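This report concerns only the one structure given below.
The values are calculated or read from the model by the stated rules, or taken from the named source; none is laboratory data. Values in this document were obtained by computation on a predicted structure and should not be read as measured data. Counting neighbours? That spans all protein chains shown, and the Cβs are built from the backbone with ideal geometry, glycine included. When the accessible area is computed, the model is the full protein with side chains, heavy atoms only, and any ligands, DNA or RNA have been set aside. Shrake-Rupley method; radii C 1.70, N 1.55, O 1.52, S 1.80 Å.
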Amino acid sequence: MHRISALPTEQVQAYRAGAPDGYGNPPERAISNGAGNPCRHCLTYIPEGKEMLVLAHRPFPETQPFAETGPIYLCAEPCARHEDPDILPEALTASANYLIKGYGPDDRVVYGTGIITPQTLLHAAAANIFDRADVAYIHIRSALNNCYHARIDRA
Ligand SMILES: [Zn+2]
């Protein structure tokens with residue numbers, strides 16, 4: 001089995017405290033418009049009218065050619081990290097399709113694993129990728145905008 005992992009709470013707290021983002025800038029602050037702004041920590045939509053952080057996040061431990069960095073949203077106020085492996089979080093239910101791809105223990109993409117999968121088949125598609133022994137984890141990204149959503153780890 002596997003589980004969907006949101007951003008670590010420590011990292012989110014650091015961004016809320018003004019830690020530099022993936023490009024060295026302080027997180028921007030903006031007001032959520034609701035359904036378009038999923039938080040990568042609680043994995044729900046930031047309610048319309050609530051303050052949020054907008055920043056570039058690099059979901060890899062260090063810079064290297066495959067360490068894609070891109071925009072994410074986070075609740076500006078403290079929120080509870082998504083922890084339930086058995087449910088598809090709200091933030092992954094709005095789009096019909098998601099891009100998922102496997103990464104090796106060296107944090108580089110494993111060619112041949114990337115696939116755009118219907119949201120309803122996300123877990124099955126992830127299980128197929130984890131059939132490969134050279135895959136350490138999977139990233140879930142927007143199929144249309146390539147934005148990072150969450151990571152899938154072996155349970
Ligand atoms: Zn949140």
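Scanning the stretch 41-59 for residues that are within 16 Å of H139 (Cα to Cα) and within 8 Å of the ligand (Cβ to nearest atom) yields H41, L43.
Would you say A155 is surrounded by fewer than 13 Cβ atoms within 10 Å (Cβ to Cβ) and either closer than 25 Å to P47 by Cα or of a type in the set (K, R) (or both)?
Numbers: surrounded by fewer than 13 Cβ atoms within 10 Å (Cβ to Cβ): yes; either closer than 25 Å to P47 by Cα or of a type in the set (K, R) (or both): no.
No; evaluated as a whole, the condition is false for this residue.
May I ask you to verify whether A56 is among the small types (G, A, S) and outside any loop (DSSP other than H, G, I, E, B)?
Details: among the small types (G, A, S): yes; outside any loop (DSSP other than H, G, I, E, B): yes.
Against the criterion (among the small types (G, A, S) and outside any loop (DSSP other than H, G, I, E, B)), A56 qualifies.
Just the residues that are at pLDDT below 95 and either over 19 Å from M1 (Cα atoms) or among the aliphatic types (A, V, I, L, M) (or both), please, taken from the stretch 63-95. Passing the criteria: I87, L88, E90, A91, L92, T93, A94, S95. Please verify whether G34 is loosely packed, with under 14 Cβ neighbours inside 10 Å, touching a residue at least 12 places away in the same chain (Cβ under 8 Å) and part of a loop (DSSP other than H, G, I, E, B), treating the condition exactly as stated. When the stated conditions are applied, G34 passes them. Of all residues in the stretch 1-31, exactly one satisfies the criterion of being among the hydroxyl-bearing types (S, T, Y), surrounded by 16 or more Cβ atoms within 10 Å (Cβ to Cβ) and either without any contact (Cβ under 8 Å) to a residue 40 or more places away in the chain or more than 13 Å from the ligand (Cβ to nearest atom) (or both), namely S5.
Contact map, the stretch 69-82: first residue over 12 Å from P38 (Cα atoms), second residue open to solvent by less than 20 Å² (accessible area, probe 1.4 Å) and among the aromatic types (F, W, Y), Cβ cut-off under 8 Å, separation 6 or more or different chains; pairs are G70/Y148.
Within the stretch 39-59, no residue satisfies the criterion of being open to solvent by 70 Å² or more (accessible area, probe 1.4 Å) and polar (S, T, N, Q).
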